[in-house]
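Trainee: This structure is in structure tokens; I'll ask about it shortly.
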Amino acid sequence: FAHAVRMMSLDNAFAAEDSPLEWLTALLFLAAGILLALDARGRWRARSLIVGLDRLRPLVSAALALLFFALAMEEISWMQRLIGFDTPAAVAEMNWQGEFNLHNTHTYAFQCLFYVGTAIFLTIGPLVELAGAEWPILRSLSPYLPGPAVAAARAPASMFHHAHWNLFPLQ
């Protein structure tokens with residue numbers, strides 16, 4: 001039992017606020033955003049060569065670049081501890097860690113959006129990607145969808161959402 005408690009303490013220290021894991025996660029999200037922004041720029045410049053639904057790709061890359069930038073900033077609470085600003089009272093009241101971010105809020109709408117959106121993208125997205133060869137819009141967007149290995153990894157991870165089973169859409 002003591003060994004398990006000691007290991008949990010090490011795990012918590014490794015994943016704590018401002019830990020190397022948190023900063024690595026933020027840097028990886030930021031790197032993904034930069035790569036997608038560069039992809040969007042390259043595709044935008046070559047748009048005259050692009051035909052059909054593939055014209056959506058620069059917009060999808062740009063939208064995903066913004067999403068990954070927001071995820072990076074969310075991970076480090078929009079640099080709150082780095083800059084040193086206080087959490088507004090309205091945000092602190094909803095946020096279970098008292099931080100300036102959305103991902104720790106306890107609002108029904110946000111939790112549903114986050115967990116259901118993640119489940120759709122990481123579980124259903126790979127299945128859609130497999131079937132997408134037949135549908136032109138999906139074939140065009142398939143480079144942005146996760147592969148089947150992601151669905152296989154995601155399925156067992158879903159058991160860790162046990163604390164969120166009270167969210168009807170997640171059920």
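Trainee: Using Stokes-Einstein with the Kirkwood hydrodynamic radius over Cα pairs, what translational diffusion coefficient do you get for region 41-127 at 37 °C and a viscosity of 0.692 mPa s, in µm²/s rounded to a whole number?
Mentor: 210
Trainee: Now, a different point. Using every Cα-Cα pair within region 86-159, state what percent have a distance larger than 18 Å.
Mentor: Result: 55 percent of Cα pairs exceed 18 Å.
Trainee: Taking the solvent-accessible surface of protein heavy atoms with a 1.4 Å probe, what is the per residue accessible area of region 89-139 in Å²?
Mentor: Result: 64 Å² per residue.
Trainee: Would you kindly state how much longer the chain becomes between V128 and D54 on full extension, computed as 0.36 nm times their sequence separation minus their alpha carbon distance, in nm to one decimal?
Mentor: 24.9 nm
Trainee: Here's a follow-up. So, with a 1.4 angstrom probe, what is the percent of accessible area on region 23-72 that is carbon and sulfur?
Mentor: Carbon plus sulfur share of accessible area: 76 percent.
The values are calculated or read from the model by the stated rules, or taken from the named source; none is laboratory data. These numbers were taken from a predicted model, which means no experiment stands behind them. Side chains included, ligands, DNA and RNA excluded: accessible areas come from the protein's heavy atoms. Shrake-Rupley method; radii C 1.70, N 1.55, O 1.52, S 1.80 Å.
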